[in-house]
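Chemist: This structure is in structure tokens; I'll ask about it shortly.
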Amino acid sequence: MATERERRFAGPRRGQILFALGFVALSVLLLTQIGSQTRWAERTAFFSQPRFWPAVGLGGMVLLGGLHLKRLPWRRFTTADRAELRRWASVLEYAVWFLVYVLLVPLLGYLPVTLIFVPLLAWRMGYRSRFMMVVSLVFAVAVVVLFKSFLGVKIPGGAVYEYLPGGLRSFFILNL
Amino acid sequence: MDLLLSAIEILMRWDVALALLVGSVGGVLIGAIPGVGPAVAIAILLPATFSMDPIVGLTVLLGIYGSSMYGGSIPAILINTPGTAVNALTTYDGYPMTARGEPRRALSLAYSSSFFGGIFSVICLILFAPVLARIAPMFGSREIFLAALLGIILVVVAHRGQALMAGALAAFGIFLQTIGLEPVKYSQRYTFDQPFLQGGINLIVVVLGLFALSQAFVLLTSEDEKIRTTRLSGGSLFQGMRELLRHPRIASVSAGFGVIMGMIPGVGEFTAQFMSYTYAQRTSKRPEDFGRGSSEGLIAAETANNAVPAAAMVPLLALGIPGEALTAMMLSVFYVHNVVPGPGLFQNDMDFVVALYIALLILNLLVLAFLLVATKSLIQVVKIPNRFLGVCILTLSFVGVYSLRNSATDCVLAAVFGVLGYILKRLSLPAVPIILGMVLGGIMEVKLRAGMARVKTPLDMIDRPVSFILFLIIVLVLVIHVRRLWLDRRDLKEAEWLSNHRSTSFGRLLLRRKSSFLMERGKLQRARRLKWYRRLMDLF
């Protein structure tokens, strides 16, 4: 049966100890590097030292993160924690999708990659009807036209655009 | 009057008009889709606004901020799912109204209350602006440092039950902003000799990761919900204003709470709503109706949350200190255009400040008009499936991160922060302290260095009236927090005592018997045995 302390804990139990341990471990690791990663400047006031604010940040992380870890009402890993870790790992797939998208845009161009990426990811997520595929394509075109052609955000043209003939080439580089 | 005219002159441009329209309509749409809050939209649009004039960019972002809560009330009332986090209280009384066949009345009341809250706060702040202009110059480096410190402390203690982790995350934000080349001594800080870390970690990259990408991950890993929309019936969309006029006291007090709470960094909508809802319930003639479709409850919740956006701009514009994540994002728009918000802005560009407030005023009118006409069609947006929405946000996040400096490294960092944001969401931990730690940490570093250069001892930091008052407020906030912790602890002990069924736990009873035996009787036995043993040994 859950204790009163467990019942009053804000948030779910699964994964809390993993996160707290990871956070404190990373903070301690970073704090141990403070000597080599920051400098103590001569003839400089204490509060103006380049080391001062990293020390404040890392000190706070270690102290408050450590206290949080100490005050957690649980002390051991459970199967729920392991399942939660797998769940965290599952989003790495979408992070990889995102990064592949990022890597392909400078090569193939913003419009072509978006036209492939959106329907493909929608397909992966289980939207396989013709209607959803059309919606995905319309969305992809709308995003490119709105941001690159209309708002003029800085996204470089794809390397393959270089092979297009003269006028079309500059149009593609500027707008799509 | 001249000020008002020059402010209107700033707004008399076609791009500002377009920004108002896009901001209001876009904000309502974004608010109406559960799963896409204003933070996601602002994070994505932020880099796109960098190429616009400050007034145009800020109008779009303010428009989204101000109007998303209007849109958020639609799913809150019709399907019991808040469109944005701050509409959670709207479901308490809005949905029961829909359940008893009055969705149109509930929507109309929500729109009217939101409109009243928005207009009330803007008028308050336009009237308050000259006073602010007089107070703002009293803030030097020391005062701004203390105000930023107060902001960070308030953000941390506002997360009740999670203050320790919120503090640790704020410290993480402070640490993140120190990474890179230190600007005064030109020394590297935590760059690990990596060129991509020398320029520091960009706030927008972190914001996009923590808010947009993490939300995309949440949606992509969730299940689609079957949503049944209600047919609009029961009353007219115009009756809300009449009903609102019957409760002027609740509306104005709630809007007042919204304005005051909005101005205090780190407090924001939730506290304003909670206070006004509690006030409305306590002073109501029918308190038993609250939570069961009370019009007063709905008015209190919606008026308070919509009064906040205009007020939240006060610390940002007057002191350059954002009180929450959305205004922190807007701060970067100012920085990109080399407009430094703070006391100087109030002294030199008062017309710009008033123009922003007038833009908010017009925005409220536009949103109300749009909602009265388009509510019926807007209901359809709640039907967009969750995971498809995730695909859309992931695609849009790319524009936000990549257009910043065309850097793939930024995208990798954003993905890392996206995973971190996802983990924080799964654990119900707040991501806002990281953002505020980054922004306020940077401000504190600069202002403390400047402030300390002019004082002999640290105590001189608080020798001016404003800095002394700020210091007293910091001490007061900490004392109140410690007292609350102490009360919580006492309450926990009492609850543990009450739920402690000692006599019924047989295992514990045996354990107690055993330990008692080991303690008292055990000592006696050992002593006796020792005595016998000695006597036995003495025989030999």
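Chemist: Please work out if B:Leu478 is surrounded by fewer than 17 Cβ atoms within 10 Å (Cβ to Cβ), of a type outside the set (S, T, N, Q) and either under 30 Å from B:Gly37 (Cα atoms) or within 36 Å of the chain's Cα centre (by Cα) (or both). If you could, list the steps in order and put the result at the bottom.
Modeler: On the way: surrounded by fewer than 17 Cβ atoms within 10 Å (Cβ to Cβ): yes; of a type outside the set (S, T, N, Q): yes; either under 30 Å from B:Gly37 (Cα atoms) or within 36 Å of the chain's Cα centre (by Cα) (or both): yes.
Criteria met by B:Leu478.
Chemist: Residues B:Ala300, B:Ala355, B:Ala318: which one is touching a Ser or Thr at 6+ places or on another chain (Cβ under 6 Å) and among the small types (Gly, Ala, Ser)? It would help to see each step written out before you state the result.
Modeler: On the way: B:Ala355 fails: touching a Ser or Thr at 6+ places or on another chain (Cβ under 6 Å); B:Ala318 fails: touching a Ser or Thr at 6+ places or on another chain (Cβ under 6 Å).
Exactly one residue qualifies, and that residue is B:Ala300.
Chemist: Restrict the check to segment A:11-34 and report whether at least one residue is more than 9 Å from chain B (Cβ to nearest Cβ), within 25 Å of the chain's Cα centre (by Cα), surrounded by 15 or more Cβ atoms within 10 Å (Cβ to Cβ) and closer than 25 Å to B:Glu496 by Cα.
Modeler: Within segment A:11-34, one or more residues are more than 9 Å from chain B (Cβ to nearest Cβ), within 25 Å of the chain's Cα centre (by Cα), surrounded by 15 or more Cβ atoms within 10 Å (Cβ to Cβ) and closer than 25 Å to B:Glu496 by Cα.
Chemist: Then there is this: Output the helices (runs of 4 or more DSSP H) that fall wholly within segment A:29-147 and possess 2 or more residues being in contact (Cβ under 8 Å) with a residue 24 or more places away in the chain, assigned by TED's automatic domain parsing to the domain that holds A:Val160 and of a type in the set (Ser, Thr, Tyr), or say none. Steps first, answer last, please.
Modeler: Working: elements: A:34-37, A:52-71, A:79-90, A:92-108, A:110-124, A:130-144.
Ranges flagged: A:110-124.
Chemist: Another question, if that's okay. Take B:Asn305 and decide whether it is part of a helix (DSSP H, G or I) and in the same structural domain as B:Met261 (by TED's automatic domain parsing).
Modeler: Numbers: part of a helix (DSSP H, G or I): yes; in the same structural domain as B:Met261 (by TED's automatic domain parsing): yes.
The answer is yes for B:Asn305.
Chemist: Going by the conditions given, is B:Tyr70 surrounded by fewer than 21 Cβ atoms within 10 Å (Cβ to Cβ), among the hydroxyl-bearing types (Ser, Thr, Tyr) and at pLDDT 85 or above? First the steps, then the outcome.
Modeler: Working: surrounded by fewer than 21 Cβ atoms within 10 Å (Cβ to Cβ): no; among the hydroxyl-bearing types (Ser, Thr, Tyr): yes; at pLDDT 85 or above: yes.
Criteria not met by B:Tyr70.
Chemist: If a residue has to be more than 14 Å from every other protein chain (Cβ to nearest Cβ) and loosely packed, with under 12 Cβ neighbours inside 10 Å to count, how many in segment A:137-173 make the cut?
Modeler: Here is the first cut: in segment A:137-173, the ones more than 14 Å from every other protein chain (Cβ to nearest Cβ) are A:160-172.
Adding the requirement that they be loosely packed, with under 12 Cβ neighbours inside 10 Å leaves A:162-163, A:165-168.
Adding up the residues that qualify gives 6.
Chemist: Restricting to segment B:79-98, name every residue that is within 16 Å of B:Tyr65 (Cα to Cα) and assigned to a helix (DSSP H, G or I).
Modeler: Here is the first cut: in segment B:79-98, the ones within 16 Å of B:Tyr65 (Cα to Cα) are B:82-87.
If the condition is that a residue be within 16 Å of B:Tyr65 (Cα to Cα) and assigned to a helix (DSSP H, G or I), then B:Ala85, B:Val86, B:Asn87 are the ones that fit.
Chemist: Return the pair list, or none, for Cβ contacts closer than 6 Å from residues in segment B:414-434 that are more than 10 Å from chain A (Cβ to nearest Cβ) to residues that are aromatic (Phe, Trp, Tyr), at least 6 apart or on different chains.
Modeler: Taking only residues 6 or more apart or on different chains, the pairs are B:Ile434/B:Phe172.
Chemist: Going through segment B:134-175 one residue at a time, which ones are surrounded by 24 or more Cβ atoms within 10 Å (Cβ to Cβ) and β-branched (Val, Ile, Thr)?
Modeler: Within segment B:134-175, B:Ile144, B:Ile152, B:Val155, B:Val156, B:Ile174 qualify.
Chemist: Then there is this: Considering B:Val333, B:Val314, B:Val367, which residue is over 21 Å from the mean Cα position of the chain (by Cα) and either surrounded by fewer than 21 Cβ atoms within 10 Å (Cβ to Cβ) or among the β-branched types (Val, Ile, Thr) (or both)?
Modeler: Values: B:Val333 fails: over 21 Å from the mean Cα position of the chain (by Cα); B:Val314 fails: over 21 Å from the mean Cα position of the chain (by Cα).
Unique residue meeting the criteria: B:Val367.
Chemist: Quick check on my filter: what residues within segment A:35-48 are at the interface with chain B (Cβ under 7 Å from one of its Cβ atoms) and within 31 Å of the chain's Cα centre (by Cα)?
Modeler: Answer for segment A:35-48, where residues must be at the interface with chain B (Cβ under 7 Å from one of its Cβ atoms) and within 31 Å of the chain's Cα centre (by Cα): A:Gln37, A:Thr38, A:Arg39.
The values are calculated or read from the model by the stated rules, or taken from the named source; none is laboratory data. Keep in mind it's a predicted model, so treat the numbers as computed, not measured. Counting neighbours? That spans all protein chains shown, and the Cβs are built from the backbone with ideal geometry, glycine included.
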